[in-house]
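Visitor: Encoded as structure tokens, here's the structure I'll be asking about.
The values are calculated or read from the model by the stated rules, or taken from the named source; none is laboratory data. The model shown is predicted, which means the values in this text are computed figures rather than measured ones. We place every Cβ from the backbone using ideal geometry, glycine too, and count neighbours over all the protein chains shown. For the accessible areas, the whole protein counts, side chains as well, though only heavy atoms, and no ligand, DNA or RNA atoms are used. Shrake-Rupley method; radii C 1.70, N 1.55, O 1.52, S 1.80 Å.
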Amino acid sequence: MKITKDDIEYIADVAMLYLNEEKKEHYTEELNVVLNQIAKLGELDTKDVEPTVHILPLKNVWREDKIEPSLDSEQVFMNTENGEEGFFRVPKIIED
Amino acid sequence: MEYEAVIGLEVHAELLTDSKIFCSCASKFGGAPNTHCCPGCLAMPGTLPILNKHAVELGIKAALALNCEILPYSRFDRKNYFYPDLPKAYQISQNDFPLAVNGYINIETEQGIKKIGIKRAHLEEDAGKLIHSEHGDYSLVDFNRSGAPLIEIVSEPDLNTPREAWLYLTKLKSILEYTEVSDCKMQEGSLRCDANVSIRAKGSEKLGTKTELKNMNSFRAIERALEYEIERQKRVLEKGEEVIQETRRWDDARGITITMRTKEEAADYRYFPDPDLPPIVIEKDFIEEVRSKIPELSHERKERYIREFGLPEYDAGVLTDSKKLSDFFEECVNKYPDAKKVSNWIMVELLAILNAEGKEIEDISLTPDNLVKMLNMIDKGTISGKIAKTVFREMLDTGKDPSKIVEEKGLVQLSDEDELEKIVDIVLNENQQSVDDYKNGKDRAFGFLVGQVMKATRGKANPKIVNKLLREKIDG
Ligand SMILES: [Zn+2]
């Protein structure tokens, strides 16, 4: 598989990243190197290997269904300048 | 050409846990905006999700009640998209390894039982709530729902009519309510449904291009939106044009679906495993433990009501449609064993009022205790069946004890024979014509006389005694 500049532009677009021409060229080249490395794994015979569901050797890390106190209002809005009457102010999204 | 619709439904139901799915904030509906939030709910850097075990239990419970296969391994993935109600810019969901697959539910159509497949059921977190500000060019967000636990239930495209979609949803809601997995309140958003619909020539195997419908706020709206969309697609095809794959929004007031303008051509969620959450491994014992907690479901209750109480099938069906109504009925029957009488009051009086006023049993003040008290008062002759209707209405509105209502309104039944005899004499004197008619064989005249006595006592006379006195006086 070969990554083209179109692919890079598409990925940047859905991830909402702005890339200039120089960066686009750079990532096209770099991602191709990375993917070629990964493609090497495809050469291995994995016929008898169970698929990996998850990379961590842990399972069922969960807690009981108990409520703990939430943040107070002052803490909730501590990191924003966009609080308004208990809400966060955000740009309007027009859907139709 | 004759067409056939192919419909699949995606239902989201909020799970009835106390806390959220990945943090310990309260998950209950309502509350002042942004008061059920922790750094996790707000996606502060460095926060980590920890799974709520009860959410997994409820998910398994629902999946078992929907006849699904529970997958031994399941995993959480990140669904990436940008929207202001999603502070992490990804939703934790399950993509490749859902909690459960391959279930079904049976619906009762006019043509008989139809099995509707369930493709998958998986757990995910809810997003916040966007409110469009009236002043200014911006929106407001409340993150109280952010991280509330959801189960998404995806049907197979086995539904062929809007009516079948309605039947499927009604059955699914009943199962989720009976198992106490969700309270399924559409008006509070704890049950939501999107629909996929396409049409094809009847008998054809090939699927047509589908559209996705959003923004339906009731089961009736879903049925109407599907009816509209199927007709729209027919018109498109008959004009020789093609149906475009797109998402359309239902406009309930205008009764039409409208294309939603979407920025990106196709959604690309770039799912990948969430490294913050280890997989869920479900052992057989755990499944069996959850299975043992599944209560009697609606169709089982219905059969029991027919068998044990001798109720007609229709009545048993109506009583068990909603779990809350069915629970109410059972509580009454526990205290007042004449199930048919209880059923009658619920079927005739209660449901007439609820339907007329668009209410549910939980919206009114009537308690099983008070209904039972009232039935006992009728049996003892304290009030007549007719007066009971007045008392019943008052109990519905105020939740007052029936004996208190009777006392306050002076509704006690008049059973004193001497007093009733005086009234009967007056009525007979004033209605000689009816007395003669009755003697000449006109039975209806007797009923008229009883009515006159009831009228004179404003409905309080004991009808049994009135009947007896009238017969004694006329027949001699
Ligand atoms: Zn939280």
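Visitor: Name the residues in region B:80-93 that are among the hydroxyl-bearing types (S, T, Y), within 13 Å of chain A (Cβ to nearest Cβ) and open to solvent by less than 40 Å² (accessible area, probe 1.4 Å), would you?
Guide: B:Y90
Visitor: Any idea how many residues of region B:340-397 are buried (at least 18 other Cβ atoms within 10 Å of the Cβ) and of a type in the set (S, T, N, Q)?
Guide: Selection size over region B:340-397: 4.
Visitor: Only one of these conditions is not met by B:R163: (1) crowded, with 20+ Cβ neighbours inside 10 Å; (2) more than 14 Å from chain A (Cβ to nearest Cβ). Which number is it?
Guide: It is condition (1) that B:R163 fails.
Visitor: Something else now. Could you run through region B:36-74 and say how many residues are more than 8 Å from every other protein chain (Cβ to nearest Cβ) and within 16 Å of the ligand (Cβ to nearest atom)?
Guide: 7
Visitor: Still on this structure, please answer the following. Quick one: what pairs do we get from region A:42-67, first residue under 12 Å from B:L51 (Cα atoms), second assigned to a loop (DSSP other than H, G, I, E, B) and of a type outside the set (D, E, K, R), C-beta under 6 Å, 6+ apart or different chains?
Guide: Once the first residue is under 12 Å from B:L51 (Cα atoms) and sits in region A:42-67, its partners that are assigned to a loop (DSSP other than H, G, I, E, B) and of a type outside the set (D, E, K, R) give A:K59/B:P278; A:K59/B:P279; A:V61/B:P278; A:R63/B:I50; A:D65/B:T17.
Visitor: Could you name every one of the strands (runs of 3 or more DSSP E) located completely within region B:104-159 that has at least 2 residues being aliphatic (A, V, I, L, M) and more than 14 Å from every other protein chain (Cβ to nearest Cβ)? Explain how you work it out, then say what you get.
Guide: Working: elements: B:112-125, B:129-132, B:138-142, B:149-155.
Fully inside region B:104-159 and qualifying: B:112-125, B:149-155.
Visitor: Given (1) open to solvent by less than 20 Å² (accessible area, probe 1.4 Å); (2) at negative phi, where does B:Q111 come up short, assuming only one miss?
Guide: (1)
Visitor: Moving on. Hey, among the residues in region B:24-35 that are closer than 30 Å to A:N60 by Cβ and touching a residue at least 12 places away in the same chain (Cβ under 8 Å), which one's nearest to the ligand (Cβ to nearest atom)?
Guide: B:C25
Visitor: Now a separate question. From the list B:D96, B:D77, pick out the single residue that is open to solvent by 50 Å² or more (accessible area, probe 1.4 Å), within 12 Å of another protein chain (Cβ to nearest Cβ), more than 23 Å from B:I7 (Cβ to Cβ) and of a type in the set (D, E).
Guide: B:D96
Visitor: Can you give me the number of residues within region B:9-23 that are more than 15 Å from the ligand (Cβ to nearest atom) and open to solvent by 10 Å² or more (accessible area, probe 1.4 Å)? Full working, then the answer.
Guide: First pass over region B:9-23, keeping only residues more than 15 Å from the ligand (Cβ to nearest atom): B:9-16.
Then keep just the ones that are open to solvent by 10 Å² or more (accessible area, probe 1.4 Å); that gives B:10, B:12, B:14, B:16.
Looking only at that region, the number is 4.
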